Each structure stands twice: as C-alpha cells, then as structure tokens.
Amino acid sequence: MRARWLVAAALGFAALTATAREPSVVLISLDTFRADRLEAWGGPKGLAPNLNGLAAGGLRLTRCFTPAPLTLPAHATLLTGDFPSRTGLHDNGLGRLAEGIPTLAQRFTSRGYKTYAVVASSVLASRYGLARGFSQYDDAVGPAGSRGAEQVTDRALSDVKAAGQAPFFLWVHYFDTHEPYDAPERFAGRGKGPYDGAVAYVDEQVGRLLKALPPKTIVALVADHGEALGEHGEPTHGILLFQSTIHIPLVISGPGTGEPRQIDTACSLADVDPTLSALAGLPASVCDGRDLLAPGKASPPAARTFPLETWLPFDAYRWSPLAGVTDGRFKWIRGPSDRLFDLQKDPGETHDLASSPPPEAERLRAALPNLAQARPPEGTVDPSLRGLGYTPVPAGSSPGPNLPDPQARVALLPLLDQARRNRALGAWDRALDLCRQVTGRDPGNPTAWFEYGETLRRAGRLDQALTALSRALALAPNMAEAWTAKGHVLVAQGKPDDAARQYQRALELQPEEVAALNPLAAYYLDRSDTEKAFPLLDRAEGEGIANERTYLLQGRVHLVQNKEDRAARDFLAALQISPSPRRTLKEEADIYLLLKRFSQAEQLYREGIRLYPSYPPNYLTLGTFCLQTDRPEQALGLFRKALDCQLDPATRKDVADMVGQLEKAQGGR
C-alpha cells in the first residue's frame, strides 16, 4: 500500500511540475466591437493604442467572421469551436448550451489549469451553460444587467493574482461598446462620437489587464460581432448580416505564434477554440473550427465556407430570419429573397449580384440553408436583458411563408427606439404617435404592439392599453412581458383577481419574470395568503432574480411580523440595488403608511424631500396625509412645492386646483 501511495504521489508531483510550465492563456472578448476601429483593419491610429500595440506584436487575422451578430450565440461558438447549429444557441436570452458539447474551459481544467471567467453582461449569465468547465464564473453584474470596463478589469486582475504561479485560463468580457456606449466623462470627444469614446475606454482597461499578465502569456483578443451604426439602415446589430456586424477583429499573441504578421486568409470565430487549444498543448478539439496555426492550415483551401445566421428579426418582430454563407470573397444572404455580394470588389455591399452570380460564387449558394426547415430557438427571452435595451422575444413558433424582409422593415427600429425614449421622458403624445406609425406600417409586429400597449398603460389610457396588448398576444401568445403588462393594467383598473391570472400566465411562460412575480406575491400578501406569497419571494431571492421591489415586499412582511431589524435590512437592500433610489425610498414610506405606522412614514417622506427636492411624489403623498390628519397649512406648503417640480399636465391641474381651494379656505394666505 505504501509503495502504491508513493507511486501515486510521484505521478501527482510530475503532473504538477508539468502544468507549472504550461503557458497561461487569456481570452479577451470585446462585445459589439467594429473591426474598423483598429489600425490593422483600417481604423484611426490614436483611438486604441493598447489594442493596436497588441495587434502589432502578434497575429492579425484580418478576415474573421462571426456566425451570428448576437452576443450569446457568438460567445457559444467562441468557447466551443462549434457553430450555432451544434451549440443550440441562436439568440440572446434563449436556451442553454447543448449537452455533450465540450468547452475550452473544460479542456483547460482537465489539464490542471485554474479557470476563471469575468463577464460584463447578464446576456452571458451562467444559466445559459457557458460556465461549463470554469472553476470560477463571475457573472455578478448587478441589477443594471451590465458592468463597466473598470470593474471588469478589477475582477480579472484579482483572478490573475489569485492564480499565483499556477497556469490559468482567463476569459474576460467587455460590454462597453454595446449601446448606449457608456464611458467615463474623460472619454467624451474621443473619435467621432459616443461609440468611439467607449472604444477608447475599453482600450484603456484592456491595457491595464495586459500590463499585469505574467510573461509568456498567450493572449487572444476578438470581438463577438460588430455594430452597424446606421449602415444599411441598421441602428445597432442583430437584424442584418452585413460586414459592419459580421466582420470582426482577431488577434493572437504569445508563445507559439511565431513572428508578428498579418494573415488575410478568411477564418471564423469558431477557429479560436482549436487554435488556443493547440497553442496550450491541449488535446485537439473535435469541432467546426480549425487550428489556424497547424502545419498546412495557415492558408486553408479556398473551398472553406462559414455559416451566418440571425433569428432576432423573427423572434422579436416576426420578420423573416436570415441565413448566409461566406468564403471571405463572396457572401450569400438568404431571406425572402437571396442576395449576393463580392466582398473583395464591393466591401460596402452595395451591389447585389444575386440575379447574375459569377460562376465562382455558385458553389456557395448550394451551402445556403432552407429557412423553412431550419430549427428556430424556443422559449421566451430572459427578462433581465430588457434593461440592456433588448426587445421582448416571444419566440416559441416556427417561421411561416411570406414574412417581411428585415431589410425592408429595419427603418422602423429607430421609430420604436424614439418611442421608448419619449415614453421614458413622459412625452406620451409623441411616444404614442411613433408607436401608431410603426403598428400602422407593420401590423404583424408583436413587439410594436407591446410597446404601444405599454406606452398607453403608462399614459393612463388603460382600455386602449388592453386592446394593444391583446393584439401583441394574438400575434405572440408566449410573450410573457405582454401578460405582465396586462396584469398591471388590470390592477390599475381595480381588478386584482383578473390581474393575478395574467401574472400567473406570465410566470408559466417565464419563471424569471420578476415583474410578474412581485405583484403576484403582493396580491397573495393582501389576502394574507402567506403560503403562496412566501415561496415566490424566497424563489426570487434564491434564484438571484430579486429586485428592489422584491426586497420591499419582504420588508413589508417582516414589519407585519414585527421583525424590525430584518425589515430594515430588506429596505436597505432595496435602496442599494434600486435603479431609482428616490422612488424606492418613497415606496418604503408608502409601506409604513399602509401598515399605519404613521410617524415612521412621515419621517421617510420628509427624508425623501430632503434628499430629492425635485421629486414630486413625496410632496403629493405627504400633503394628502397632512390633509387627512387635519393639517391643512402643512398640506398647502407641500402642494405648492410640488408645483415647482416637473408634473404631467393633468396632475399639475389637479394640484393647482387643490392649492386654490386650500388658499381660499385659509383666507387667501
């Protein structure tokens, strides 16, 4: 037995010493990053000096293509080497990485590497299966659904430090070049606009990371997809398959890559996995991608083709999905009609050659899939993505014939975006006019009807809102967001039982729809049905989907139970994660008022007024409470201050009438 132990110990020591000599590997993915922002791809010199420096010192693969212009399916390909047809991930917020698909992280782990991931967006949350093989997968992006480059780099640097002398595989994901292109103020004015400011910010933070890496680290830097920025009429990405969103930068540097050089051979995002595996000495991966540095593969045969696809047009808008194929020279795009572009002679893709294709492009056409037989994604979109600007995704059905061409309808997207922006500002008439324009021009679009119904709801036009939301659900019965919105309308109409049924339906379709879970829990609490309310609240917290309203409800429960300390912790948690602390503080005060804890409620309203003097709801509610407790002079002062705030016209008229009545009652004071 002792001899066997010694042999095992020796083997274990040998494995440890072997892995200690393995190179560490860092994979950096830049979300929504255009290739033409880097020098080697025709970009400006001063915008991204750290990224350009990395490219100058390594391999610059200038003709790399992503299989899908969407974050989740593209990253699934990046981390497995397989195209969406194998990974099973075709759209953001839908599905989970197919069982049996090995990942790059699993191969590194099996070799004894420490494996870390730091992602910047809930689009890549572990629930989608990309955490497979990572010993640590940091997707704690917070309630906003994303985090900035500085925070991402801080987390990545802590992983580098934690690895010590051991070899590690670290994947770092940056999201800042995704709309709305947030960057610190110091980057304002860089380049041509906010997008370039975000590029410069990411460059700074990637530079911090690169400087901290141990010597002889293999580094791969790649984008998941690009950003259209209005080219071909597409505002952002995900709808069309043009080069602005499909062509991506790829840089590989470090031991084993040879002399710095530019490689113009066409390749794919799927090639990153097998190439890194080979550089690190891992067993060869069996996947759709190829090792770009293998003997004889540096210049692969021209017959190699790369699939392209996007299901977002169908999922969100009931337009035709698009599929495509390219060999780097020609690109076919299949939708309601086929399009063909010669990328060498027509890089801007302005001349469609499909009506008379060159003979050398004909073989590509045979590789185009039949959309009618293609497998669509299933289910409903993760609701956490809506805070990132993603539209509701009803999915759950197959594309039929005669669907609109996304190219012909893409011009409607800026109108929907303007409608959302106007709604957020309370400009109801303008928002509603824009929604009517879209639904009039595209009556089969469930997202447009949802946005119209949601705008009507927030504008207080409840009957019309129900009609619009019903239209959305007739087109897409699996749209959980529309069922939730119907529930909100019915609550406002004083029909809580009917509303509860809508919330239940939403949760059947999407168990993580916290916007339905919270009011359903509140419905049960109002009826003292704790056996149904408590499991909902516990599930929200346990599954990591709790938001500030969940914690407010828990605080309400604990107040009823006279657990003051626990309630205080709940309310503090709500304030800490709230996107609108002023609203959340007011809602906390409302809970105390509801439970007839009047002195504490009044104290919180006054605290809200002190902290947020331009926020009118505190003045209005406290003023009404003062009237009810026979303090008309205090009420008058509060209502007057409310008139100094921004109010919608109807509310302003009501408050002004109340001020007039109180002044008259008090003799004009």
* Alpha carbon centre of the range 249-277 versus the range 419-443: separation in Å? -> 46
* **Positive minus negative residues near Arg606 (Lys, Arg vs Asp, Glu; Cβ under 15 Å)** => +2
* Structure fact -> Given a 1.4 Å probe, the accessible area of the chain per residue, as a whole number of Å², is 42
* Asked: Spin-label point model (7 Å from Cα, Cβ direction): what's the Asp36 to Ala140 distance in nm?
  -> 4.1
* Asked: When the accessible area of the chain is split by element with a 1.4 Å probe, what percent falls to carbon and sulfur?
  -> 53
* Using a Förster distance of 45 Å, how high is the FRET efficiency between Asp498 and Ala408, based on the Cβ-Cβ distance and rounded to 0.05? -> 0.70
* Asked: What angle do you read, to the nearest 10 degrees and between 0 and 90, between the alpha-carbon axis of helix 649-665 and the longest principal axis of the chain?
  -> 30
* Asked: Efficiency by 1/(1 + (r/R0)^6): what FRET value for Glu663 and Ser580, r their Cβ-Cβ distance, R0 = 25 Å, to the nearest 0.05?
  -> 0.15
* What is the extension gain from Gln262 to Glu508, computed as 0.36 nm multiplied by their sequence separation minus the C-alpha to C-alpha distance, in nm to one decimal? -> 83.4 nm
* Asked: About the Cα centre of the chain, what is the dipole size in debye to 20, counting +1 per Lys and Arg Cβ and -1 per Asp and Glu Cβ, all else neutral?
  -> 780
* Asked: For the pair Gln437 and Ser337, how long in nm is the line joining their label points, each one 7 Å along Cα→Cβ?
  -> 2.6
* Anisotropy class of the range 555-609 from Cα gyration tensor, a/c 1.5 cut -> oblate
* To do: Report the extension gain between Asp429 and Leu643 in nm, rounded to one decimal, defined as 0.36 nm multiplied by the number of residues separating them, less their alpha carbon distance.
  => 74.9 nm
* Quote to one decimal, in nm, the extra length available between Lys45 and Ser470 on full extension: 0.36 nm per residue of separation minus the C-alpha distance between them. => 147.7 nm
* Rg/Rh for the range 547-669, where both radii come from Cα atoms and Rh is the Kirkwood radius -> 1.03
* Asked: Quick one: helix 632-643 against the long Cα principal axis of the chain, what's the angle to the nearest 10°, folded into 0 to 90?
  -> 40
* To do: Can you tell me the 0 to 90 degree angle between the C-alpha axis of helix 446-458 and the longest principal axis of the chain, rounded to 10?
  => 30
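The values are calculated or read from the model by the stated rules, or taken from the named source; none is laboratory data. Keep in mind it's a predicted model, so treat the numbers as computed, not measured. As a convention, Cβ positions derive from the backbone with ideal geometry for all residues, glycine included, and neighbour counts pool all protein chains shown. We work out accessible area using only protein heavy atoms, side chains counted, and drop any ligands, DNA or RNA first. Shrake-Rupley method; radii C 1.70, N 1.55, O 1.52, S 1.80 Å.
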